[in-house]
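Only one structure is covered here, and it is reproduced in the block below.
No lab work stands behind these numbers, since they all come straight from the coordinates. Nothing here was measured: the structure is a model prediction, and the numbers come from that model. Cβ placement follows ideal geometry from the backbone for every residue including glycine, while neighbour counts extend to all protein chains displayed.
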Amino acid sequence: MNWTDVFASRMERMKASEIRELLKLLDQPDIISFAGGIPDPALFPAEAFQAALADALSPANQGTALQYSVSEGYGPLRDWLATHMQGLGVACSRDNILITSGSQQALDYLGKLLLSPADTALVSWPTYLGALGAFNAYEPQYDRLGAGGNRSAADYAETAQAKGGRVKFAYASVDFANPTGETLDLAARSSILDLAEDLDIAVIEDAAYQALRYDGDPVPSMLSLEIERKGSIEDCRTLYCGSFSKTLAPGLRVGWVCGASQVISQLVLMKQAADLHSPTLNQMAIATVAAAHFESHTAMLRRVYAGRRDAMLAALATHMPEGVTWNKPEGGMFVWLTLPKHLDAADLLRLSLETQRVAFVPGRAFFADGSGANSLRLSFSLAGDAQIDEGMRRLGVAIRAAV
Ligand code: PMP
């Protein structure tokens, strides 16, 4: 059978990247990898989950835990999240919250909700690769958010129209972004909200790393800033996507969307049609562990990851040759490195895997327009201090060899 003839047109946009092929090599034990942007499994609250799962499967609770449940999500978890969001300055109730299977599902649903083919999504250059992957299924065009220039709303609208659609949303990974580690300051958040007002579009606030701030002052979420402007979440255009993946356990696939109940109701219909609901057992376990341990557990994560970030920044200062620059993230898992202009990080990855046995993610995949060849992402979440120093030493050798 000629499958390509029957695949839907959206599949043309869904290609495995060349980088994924390279990164398959990373299982080899002698490679030091800074590629995977994943939590350290040694830090999972495994014992708390053991107890929570045992409780969910006890005779009193197993009928709920193993049964179908509502598409909105497990009530006690939505209540905990409403309180959590209130702590972030977002006055809301459980009606403003939908539980999703990770925040990745929220990105898929929001793409599905908002994008017709040829509509424009505004994203930063670079942006979270998984967001581009989720949105690509809905065949959008991309335009650059916050390029530093002073582009007017009218200019964005005309550009989108010329591409055959209209601007539908601005997407931003706001805190310690994947891939850059950068945080949008108050002015940047306000100006995205201004632009969204002018264009009358939605804002997707991706707050996956929100709880992982190691220093500096917290910046209010875009949703909380918009509530300050409007008075009520029901009048807001910002849709906040949260996740337990970076704080408790990514394998349980529990995230949430918080926003105006009118939008949440639409997303509930989508969830019903797609997978009925997120696994009840997982939601119950997350609700129990979050209620008892969220604060203490995230405080521990912040201490450990802050140490690794510091180790990476120190190692970079020691080992990087002149002409290489990097940022100093206040949280999250990533440092973004910029190489001299003529270097291509994908070529460097081949060289450094072969000769130095060190891995990272080349930056180009994070750019919707395919630029950014001389950038790369380093993750400090998995490695110990000594490994970080040795890894950066090896990366320095590879870069010197490539120059
Ligand atoms: N947003 C960002 C910025 C991420 O880095 C990730 C995970 N890599 C996600 C969303 C999705 O995470 P999850 O589906 O596990 O919540």
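Its Cα centre serving as origin, the chain has a Cβ charge dipole (Lys and Arg +1, Asp and Glu -1) of approximately 520 debye. Legend: calculated FRET efficiency, N327 to L66, from the Cβ-Cβ distance at R0 = 45 Å, rounded to 0.05, equals 0.45.
One decimal place: the segment T355-R10 gains 120.3 nm when fully extended, by the rule 0.36 nm per residue minus the C-alpha distance. Working note: Cα atoms of the chain, range along each principal axis, descending, whole Å: 59, 57, 55. Evaluating kT/(6 pi eta Rh) at 25 °C and 0.890 mPa s, with the Kirkwood radius of the stretch 244-366 over Cα pairs in the Stokes-Einstein relation, gives 133 µm² s⁻¹.
Considering the zone a paramagnetic label at L57 would reach in this model (a point 7 Å from Cα along the Cα-to-Cβ line), which residues of the stretch 242-270 have amide N under 16 Å from it? In the stretch 242-270, the label zone of L57 (backbone N under 16 Å from the point 7 Å along Cα→Cβ) covers 252.
Helical runs (DSSP H, four residues minimum) scored at -39500 (n - 2.57) apiece and divided by the length of the chain put the mean residue ellipticity at 222 nm at -13500 deg cm²/dmol. When the square roots of the Cα gyration tensor eigenvalues are ordered a ≥ b ≥ c, the ratio a/c for the stretch 16-145 is 1.5 or more and a/b does not exceed b/c, which makes its shape oblate. For A118 and D30, the FRET efficiency from 1/(1 + (r/R0)^6), where r spans their Cβ atoms and R0 equals 56 Å, is about 0.75.
Cα centroids of the stretch 71-95 and the stretch 263-294: how far apart, whole angstrom? Spelled out, the Cα-based centre of one part sits 11 Å from the other.
Between amide H atoms placed 1.01 Å from N, distances below 5 Å from Q141 occur with A118, D119, T120, A121, all of them 5 or more places distant or on a separate chain. Work from the charge dipole of the chain (Cβ charges, +1 for Lys and Arg, -1 for Asp and Glu, about the Cα centre) and give the residue of L248, F7, L23 farthest towards its positive end. Checked the options; the winner is L23. If you count Lys pairs in the stretch 61-293 whose Cα atoms are under 25 Å apart, skipping same-chain pairs closer than 8 places in sequence, the total is 7. Note on A137 and D347: the model spin-label points, each 7 Å out from Cα along the C-beta direction, lie 3.7 nm apart. Springs between Cα atoms under 10 Å define the GNM used for the chain, and in it the highest mean-square fluctuation of N178, N374, N327 occurs at N327.
Applying 0.36 nm per residue to the separation of D194 and A317 and subtracting their alpha-carbon distance, the gain on full extension is 40.5 nm.
Lys and Arg at +1, Asp and Glu at -1: add these up for the other residues within a Cβ distance under 14 Å of T120 and post the number.
Numbers: positive: R144, R151, K163, R166, K168; negative: D119, E139, D143, D155, E158, D200, D369.
Counting the neighbours of T120, the net charge comes to -2.
For the pair the stretch 336-373 / the stretch 183-227, the C-alpha centres are spaced 29 Å from each other.
Using only the C-alpha atoms, the convex hull of the stretch 61-293 corresponds to 115 Å³ per residue.
Taking the Cα centre of the stretch 61-293 as origin and assigning +1 to Lys and Arg Cβ atoms and -1 to Asp and Glu Cβ atoms, the resulting dipole is close to 540 debye.
For the chain, the residue among S116, L316, L351 whose Cα projects farthest onto the positive side of the dipole built from Cβ charges is L351.
Determine, from the Cβ-Cβ distance of L276 and W3 and an R0 of 35 Å, the FRET efficiency 1/(1 + (r/R0)^6), rounded to the nearest 0.05. Approximately 0.75, to the nearest 0.05.
Need the full-extension length gain, E295 to T159, defined as separation in residues times 0.36 nm minus the C-alpha distance. One decimal, nm. Don't skip to the answer; put the middle values down first.
Values: separation 136, 0.36 × 136 = 48.96 nm, distance 4.50 nm.
Gain in length upon complete extension: 44.5 nm.
GNM on the chain, alpha-carbon springs under 10 angstrom: the most fluctuating residue among A274, A48, A106 is A274.
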